[in-house]
Amino acid sequence: MGELALVQSPGVPDSPVVTVAPGWALGAVAILGALVLVAGMLDGALSARSGGGPGVGASGAARPFGEAARLMRQRRRTTVQADTLLWRVGGAGLVVTAALMVAVIPLGRWTIFDLGVGVMWFNAMDVLVWALVWLTGWGANSVHSLVGGYRFLAHGLGYELPLMFALVAPAIAAESLNVGTVAAVQDGLWFAVWMPVAFLVYLLGVAAFSVWGPFAPALGSDIAGGVRAELSGVDGLVFETGRYALLAAGAAFSVPMFLGGGAGPLLPDWAWVVVKMLAVLSLLVWLRRRLPAFRPDTFMEVGWMVLLPAVLVQDLLVAVIAVWRA
Amino acid sequence: MDMSPGGIPLAGGGEDRDGLEMDVLKVRLGPVLPYWPAGLVLHCSLQGDVVTEARAEVLGAEEEAGDEADARARSLDNLVSVLALAGWEDAAAQARRLREVALGAGDGPVDLRGLERLQRRVRRSRLLRWSLRGLGPLTEEEVRHQGLPADSAGDTYDRLVRMVDRAATASRLGDRPAAFAGHLGTLVVGLDLAAARLVLASLDLHELRAHHAQHEAAHG
């Protein structure tokens with residue numbers, strides 16, 4: 001451990017995690033990349049087994065590699081009067097955002113960035129996705145991608161507030177916005193167990209900011225791929241990678257927030273974090289094909305009439321329990 | 001100010017339904033789109049993703065007599081369209097497989113057990129019911145007036161359930177009567193694009209006619 005150049009984080013007194021040297025950020029990005037690959041292969045295998053959809057015949061798990069090769073060889077198209085700068089910023093931004101999210105997620109005892117307000121940091125990053133997806137849809141100067149952008153914003157209005165309040169629940173219980181502290185206080189009892197509503201709403205939020213599963217109408221085949229309709233070649237590849245990376249980062253963040261971080265028998269804590277990440281990620285990938293979409297024009301009703309009250313009641317319960325225990 | 005940057009005229013403004021001004025985009029949908037009735041062209045005005053005006057037209061409308069396998073495959077095609085537009089990939093893939101089987105079987109026996117499994121699955125999904133309930137409702141009066149197939153009354157969920165029930169029957173399906181395309185535009189005005197696509201797909205259109213007169217004659 002000596003060569004890791006451990007630093008006690010100055011901002012967080014008695015932090016349960018140790019900050020590693022900044023160079024380890026590359027390691028974090030590599031783990032994120034591996035998760036993206038696993039998610040892509042699993043999705044390919046599930047799609048092939050279901051035996052439908054585009055690309056039938058490609059042998060399941062190998063599909064992401066074939067797709068990546070195809071996109072890298074594809075000639076880059078552009079549209080008339082595209083707002084190229086904003087369009088590219090949007091498309092490339094997703095993967096950057098996912099990497100920034102991962103920066104505050106501790107891998108067992110180690111973290112890259114032990115931020116006092118790590119939970120807010122993650123939340124800020126997922127709000128950034130609004131702008132990025134919208135810019136990707138808007139920048140191409142094309143009807144279909146613009147419609148995709150509108151659909152994403154319509155979903156966003158429905159999912160964002162419930163997601164924020166879902167993140168509030170573990171923070172109240174831990175009396176801290178530091179991700180490492182939130183993970184450490186779940187001693188023996190995971191937050192997912194005694195705040196299940198917040199956990200479910202959080203997972204829904206992860207699917208939503210990854211434009212995934214029931215939240216995929218923004219990329220619908222009825223509008224030629226929606227937001228990504230005009231993306232081609234490497235741009236398309238970077239955008240898709242960004243979506244998978246967001247899904248992986250969201251799954252990873254659920255581990256310290258709801259699933260007890262590195263707690264578990266036998267295995268070292270970093271291994272437990274990886275196992276839990278993979279479990280949540282697989283669940284999200286598996287769910288993609290299983291559920292019909294939430295229609296963007298009616299999802300607001302679910303978001304504000306069902307999810308938001310449910311998660312607020314959850315927050316209240318958590319707060320009462322926290323006060324009572326104190 | 002350049003009114004047509006890059007050779008494309010700027011979108012004109014128009015009153016939105018909430019009274020604010022919003023760009024109007026002229027968009028043509030069809031004649032060939034995935035999950036879309038073949039040959040139908042819809043000349044739309046869009047504000048955001050809401051259809052504010054639509055005029056329907058049919059290209060290449062012809063009587064195409066097919067056999068029983070064709071009729072069933074076409075019904076299943078339309079079912080695939082609704083399920084795919086509803087974003088339910090697994091069920092759409094299941095329907096697509098059954099369609100291949102139906103087409104391969106010719107006049108032979110159909111995969112009734114597979115069709116019944118699909119029927120149960122569609123009927124059981126609460127999320128699907130919530131999503132399609134109340135969308136694009138049609139009274140029997142409207143259905144008659146607009147020259148649509150007689151079983152199009154109800155909302156999109158009713159139509160989908162009837163569609164999957166029809167596909168899962170053992171008896172011969174036969175060809176559905178051709179539908180008049182002229183009024184299809186009015187069905188989708190005021191809906192957003194996703195909802196409009198769902199409503200059109202749920203009508204289970206097999207053939208489209210450009211003229212209403214034929215319809216009147218046929219039904220005396």
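The values are calculated or read from the model by the stated rules, or taken from the named source; none is laboratory data. Remember, predicted model here, so these are calculated numbers, not experimental data. Using ideal geometry, Cβ is built from the backbone for each residue, glycine included, and neighbour counts are taken over all protein chains shown.
Looking for whichever is in contact with a strand residue (DSSP E or B) (Cβ under 9 Å, 6 or more places away or on another chain) and among the hydrophobic types (A, V, I, L, M, F, W, C) here; the options are A:Trp304, A:Trp324, A:Trp270, A:Trp286. Which one fits? Can you show your working first?
Numbers: A:Trp304 fails: in contact with a strand residue (DSSP E or B) (Cβ under 9 Å, 6 or more places away or on another chain); A:Trp324 fails: in contact with a strand residue (DSSP E or B) (Cβ under 9 Å, 6 or more places away or on another chain); A:Trp286 fails: in contact with a strand residue (DSSP E or B) (Cβ under 9 Å, 6 or more places away or on another chain).
Step by step, each of A:Trp304, A:Trp324, A:Trp270, A:Trp286 is checked, and only A:Trp270 is in contact with a strand residue (DSSP E or B) (Cβ under 9 Å, 6 or more places away or on another chain) and among the hydrophobic types (A, V, I, L, M, F, W, C).
Regarding A:Leu157, is this residue closer than 25 Å to B:Leu46 by Cβ and either within 14 Å of another protein chain (Cβ to nearest Cβ) or free of Cβ contacts under 8 Å to residues at least 60 places away in the same chain (or both)?
Working: closer than 25 Å to B:Leu46 by Cβ: yes; either within 14 Å of another protein chain (Cβ to nearest Cβ) or free of Cβ contacts under 8 Å to residues at least 60 places away in the same chain (or both): yes.
Taking the combined requirement at face value, the residue satisfies it.
For A:Val17, work out the one condition from (1) within 14 Å of chain B (Cβ to nearest Cβ); (2) over 30 Å from B:Pro5 (Cα atoms); (3) in contact (Cβ under 8 Å) with a residue 24 or more places away in the chain; (4) of a type in the set (A, V, I, L, M) it doesn't fulfil.
Going through (1) within 14 Å of chain B (Cβ to nearest Cβ); (2) over 30 Å from B:Pro5 (Cα atoms); (3) in contact (Cβ under 8 Å) with a residue 24 or more places away in the chain; (4) of a type in the set (A, V, I, L, M) one by one, A:Val17 breaks only (1).
How many residues does region B:15-59 hold that are within 18 Å of the chain's Cα centre (by Cα), more than 14 Å from chain A (Cβ to nearest Cβ) and outside any strand (DSSP E or B)?
Result for region B:15-59: 4.
Please list, ordered by first then second residue, the pairs with beta carbon atoms under 8 Å, 6 or more apart or interchain, first in region A:208-220 and within 11 Å of chain B (Cβ to nearest Cβ), second aromatic (Phe, Trp, Tyr) and surrounded by 24 or more Cβ atoms within 10 Å (Cβ to Cβ).
If the second residue must be aromatic (Phe, Trp, Tyr) and surrounded by 24 or more Cβ atoms within 10 Å (Cβ to Cβ), the pairs left are A:Pro214/A:Phe294; A:Phe215/A:Tyr159; A:Phe215/A:Phe294; A:Pro217/A:Phe294; A:Ala218/A:Phe152.
For A:Ser145, are the conditions met, namely being under 19 Å from the mean Cα position of the chain (by Cα), buried (at least 21 other Cβ atoms within 10 Å of the Cβ), hydroxyl-bearing (Ser, Thr, Tyr) and more than 21 Å from A:Ala310 (Cα to Cα)?
On the way: under 19 Å from the mean Cα position of the chain (by Cα): no; buried (at least 21 other Cβ atoms within 10 Å of the Cβ): yes; hydroxyl-bearing (Ser, Thr, Tyr): yes; more than 21 Å from A:Ala310 (Cα to Cα): yes.
Against the criterion (under 19 Å from the mean Cα position of the chain (by Cα), buried (at least 21 other Cβ atoms within 10 Å of the Cβ), hydroxyl-bearing (Ser, Thr, Tyr) and more than 21 Å from A:Ala310 (Cα to Cα)), A:Ser145 does not qualify.
Output the number of residues of region B:1-14 satisfying the condition of being of a type outside the set (Asp, Glu) and part of a loop (DSSP other than H, G, I, E, B). First the steps, then the outcome.
Here is the first cut: in region B:1-14, the ones of a type outside the set (Asp, Glu) are B:1, B:3-14.
Okay, now just the ones that are also part of a loop (DSSP other than H, G, I, E, B), so B:1, B:3-4, B:8-11.
Of the residues in region B:1-14, 7 are of a type outside the set (Asp, Glu) and part of a loop (DSSP other than H, G, I, E, B).
Looking at region B:166-174, is at least one residue among the hydrophobic types (A, V, I, L, M, F, W, C), more than 16 Å from B:Asp204 (Cβ to Cβ) and modelled with pLDDT under 85? Don't jump to the end; show me each part of the working.
Filtering region B:166-174 down to residues among the hydrophobic types (A, V, I, L, M, F, W, C) leaves B:167-168, B:170, B:173.
Subsequent filtering for residues that are more than 16 Å from B:Asp204 (Cβ to Cβ) retains B:170.
This time we only want the ones that are modelled with pLDDT under 85, so: B:170.
Yes - at least one qualifying residue is present in region B:166-174.
Tell me which residues, restricted to region B:127-158, are in contact with an Asp or Glu (Cβ under 7 Å, 6 or more places away or on another chain) and without any contact (Cβ under 8 Å) to a residue 24 or more places away in the chain.
Hits for region B:127-158 are B:Gly134, B:Pro137, B:Ala153.
Of the residues in region A:268-290, how many are buried (at least 19 other Cβ atoms within 10 Å of the Cβ) and within 14 Å of another protein chain (Cβ to nearest Cβ)?
3
Just checking, does region A:246-264 include any residue being assigned to a loop (DSSP other than H, G, I, E, B), within 17 Å of A:Ala198 (Cα to Cα) and either under 16 Å from the mean Cα position of the chain (by Cα) or at pLDDT 90 or above (or both)?
Initially, region A:246-264 is screened for residues assigned to a loop (DSSP other than H, G, I, E, B), giving A:259-264.
From the residues that got through so far, the ones that are within 17 Å of A:Ala198 (Cα to Cα) too are A:259-261.
Going one step further and asking which of them are either under 16 Å from the mean Cα position of the chain (by Cα) or at pLDDT 90 or above (or both), we end up with A:259.
Yes.
With A:Gly261, A:Gly180, A:Gly242, A:Gly225 as the choices, which residue is buried (at least 22 other Cβ atoms within 10 Å of the Cβ) and within 30 Å of B:Ala195 (Cβ to Cβ)? Write out each step before concluding.
Values: A:Gly261 fails: within 30 Å of B:Ala195 (Cβ to Cβ); A:Gly180 fails: within 30 Å of B:Ala195 (Cβ to Cβ); A:Gly225 fails: buried (at least 22 other Cβ atoms within 10 Å of the Cβ).
Exactly one residue qualifies, and that residue is A:Gly242.
One line per residue, one yes/no per condition, for (1) surrounded by 14 or more Cβ atoms within 10 Å (Cβ to Cβ); (2) at pLDDT below 90; (3) at positive phi; (4) within 14 Å of chain B (Cβ to nearest Cβ):
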{"site": "A:Val36", "(1), (2), (3), (4)": "yes, no, no, no"}
{"site": "A:Gly57", "(1), (2), (3), (4)": "no, yes, yes, yes"}
{"site": "A:Arg63", "(1), (2), (3), (4)": "yes, yes, no, no"}
{"site": "A:Met72", "(1), (2), (3), (4)": "no, yes, no, no"}
{"site": "A:Val80", "(1), (2), (3), (4)": "no, yes, no, yes"}
{"site": "A:Trp121", "(1), (2), (3), (4)": "yes, no, no, no"}
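I'd like the full set of residues that are out of contact with any Lys or Arg (no Cβ under 9 Å at 6 or more places or on another chain), closer than 28 Å to A:Asp297 by Cα and not polar (S, T, N, Q), limited to region B:161-190.
B:Arg162, B:Met163, B:His183, B:Leu184, B:Leu187, B:Val189
Only one of A:Val234, A:Val129 is touching a Phe, Trp or Tyr at 6+ places or on another chain (Cβ under 9 Å), of a type in the set (A, V, I, L, M, F, W, C) and within 27 Å of A:Ala69 (Cα to Cα); which? Break it down into steps so the answer makes sense when it comes.
On the way: A:Val234 fails: touching a Phe, Trp or Tyr at 6+ places or on another chain (Cβ under 9 Å).
Within the list A:Val234, A:Val129, the selection yields A:Val129.
Every residue, every condition in (1) of a type in the set (Ser, Thr, Tyr); (2) at pLDDT 85 or above, yes or no:
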residue: B:Ala102; (1), (2): no, no
residue: B:Gly106; (1), (2): no, no
residue: B:Val110; (1), (2): no, no
residue: B:Gln119; (1), (2): no, yes
residue: B:Arg126; (1), (2): no, yes
residue: B:Gly134; (1), (2): no, yes
residue: B:Gln146; (1), (2): no, no
residue: B:Ala153; (1), (2): no, no
residue: B:Thr156; (1), (2): yes, yes
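Which one of the conditions (1) over 20 Å from B:Arg72 (Cα atoms); (2) of a type in the set (Ser, Thr, Tyr); (3) away from chain A (no Cβ under 14 Å) does B:Ser125 fail to meet, given that it meets all the rest?
Only one criterion in (1) over 20 Å from B:Arg72 (Cα atoms); (2) of a type in the set (Ser, Thr, Tyr); (3) away from chain A (no Cβ under 14 Å) is unmet by B:Ser125, namely (3).
What number goes with the only condition from (1) assigned to a helix (DSSP H, G or I); (2) of a type outside the set (A, V, I, L, M); (3) crowded, with 21+ Cβ neighbours inside 10 Å that A:Trp324 does not pass?
Going through the list (1) assigned to a helix (DSSP H, G or I); (2) of a type outside the set (A, V, I, L, M); (3) crowded, with 21+ Cβ neighbours inside 10 Å, A:Trp324 breaks only (3).
(1) touching a residue at least 40 places away in the same chain (Cβ under 8 Å); (2) more than 18 Å from the chain's Cα centre (by Cα): which one isn't true of A:Ser176, the others all being true?
(1)
For (1) buried (at least 17 other Cβ atoms within 10 Å of the Cβ); (2) away from every other protein chain (no Cβ under 12 Å); (3) part of a helix (DSSP H, G or I); (4) among the charged types (D, E, K, R), each residue gets a yes or a no:
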site: B:Val82; (1), (2), (3), (4): yes, no, yes, no
site: B:Asp90; (1), (2), (3), (4): yes, no, yes, yes
site: B:Glu116; (1), (2), (3), (4): no, yes, yes, yes
site: B:Glu142; (1), (2), (3), (4): no, yes, yes, yes
site: B:Asp158; (1), (2), (3), (4): yes, yes, yes, yes
site: B:Leu187; (1), (2), (3), (4): yes, yes, yes, no
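If you check every pair at least six apart or on different chains, which have Cβ atoms under 9 Å apart with a residue in region A:260-274 that is touching a residue at least 24 places away in the same chain (Cβ under 8 Å) first and a residue that is surrounded by fewer than 20 Cβ atoms within 10 Å (Cβ to Cβ) and acidic (Asp, Glu) second?
A:Gly260/A:Asp187; A:Gly261/A:Asp269; A:Gly262/A:Asp269; A:Ala263/A:Asp187; A:Ala263/A:Asp269
If you go through region A:68-100 one residue at a time, how many are in contact with an Asp or Glu (Cβ under 9 Å, 6 or more places away or on another chain), β-branched (Val, Ile, Thr), more than 22 Å from A:Ile31 (Cβ to Cβ) and not in a loop (DSSP other than H, G, I, E, B)?
Counting residues in region A:68-100 that are in contact with an Asp or Glu (Cβ under 9 Å, 6 or more places away or on another chain), β-branched (Val, Ile, Thr), more than 22 Å from A:Ile31 (Cβ to Cβ) and not in a loop (DSSP other than H, G, I, E, B) gives 0.
Among the residues of region B:47-81, write down those that are within 18 Å of B:Pro31 (Cα to Cα) and modelled with pLDDT of 90 or more. Don't jump to the end; show me each part of the working.
Of region B:47-81, the ones within 18 Å of B:Pro31 (Cα to Cα) are B:51, B:53-64, B:74, B:77-78, B:81.
The one that is within 18 Å of B:Pro31 (Cα to Cα) and modelled with pLDDT of 90 or more: B:Ser81.
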